[in-house]
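**Student:** Sending over a structure as structure tokens; questions will come in a sec.
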Amino acid sequence: MTIRGISYPFRKGTQSFPETKTESDVIADNIRRVLETRRGERPMRYETGSNIWDFVFENVGALLNARVDNEVRRALARGEPRARVLHVEVSEQFRADGAKNMVVAVIWAFNREVRQTAVSYRSPGSG
């Protein structure tokens, strides 16, 4: 059974009803929202979100991968428990202005479907 939800941002579908998404698409959106939200940022929901922003200036390597992996699993266990995290990978992305972004790619599974969601963290104070 495929459960459908309303897509966000809201768009009109082909028959003047709101466009819909499958449950896997909704979970992918929720993963992005949880990982992009700083922990403690949401009023009355201080445990929602992640502390990944704290790692933006760290050097990419095995230690950072382990710390981010632990934080992603903690945040998603609380914020999107339907997704089963299989693997977390951290990499750097160099921008045209010379600054770097930290990219966190999460491979996750739901109902025997395996998907990947990537979130890019821009260094604060850089253009």
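**Student:** From the residues in the stretch 64-92 that are out of contact with any strand residue (DSSP E or B) (no Cβ under 7 Å at 6 or more places or on another chain) and in a loop (DSSP other than H, G, I, E, B), which one is surrounded by the fewest Cβ atoms within 10 Å (Cβ to Cβ)? Talk me through it step by step, then tell me what you get.
**Tutor:** The initial filter retains those residues of the stretch 64-92 that are out of contact with any strand residue (DSSP E or B) (no Cβ under 7 Å at 6 or more places or on another chain), namely 66-67, 70, 74, 77-81.
Filter once more, so that each one left must be in a loop (DSSP other than H, G, I, E, B): 80-81.
Details: 80: 21, 81: 8.
Taking the candidates together, the pick is 81.
**Student:** Follow-up question, since we're still on this one. Within the stretch 34-63, work out how many residues are modelled with pLDDT of 90 or more, assigned to a helix (DSSP H, G or I) and surrounded by 15 or more Cβ atoms within 10 Å (Cβ to Cβ).
**Tutor:** Residues that pass the stated criteria total 4.
**Student:** Taking the condition of being under 16 Å from the mean Cα position of the chain (by Cα) and within 16 Å of residue 74 (Cα to Cα), how many residues in the stretch 28-42 meet it?
**Tutor:** So the count comes out to 10.
**Student:** State which residue is farthest from residue 48 (Cα to Cα) when the search covers only the stretch 74-127 and only residues that are over 12 Å from the mean Cα position of the chain (by Cα) and among the aliphatic types (A, V, I, L, M).
**Tutor:** The residue in question is 96.
The values are calculated or read from the model by the stated rules, or taken from the named source; none is laboratory data. Since this is a predicted model, take the numbers as computed values, not measurements. Reconstructed Cβ throughout: ideal geometry from the backbone, glycine too, with neighbour counts over all protein chains shown.
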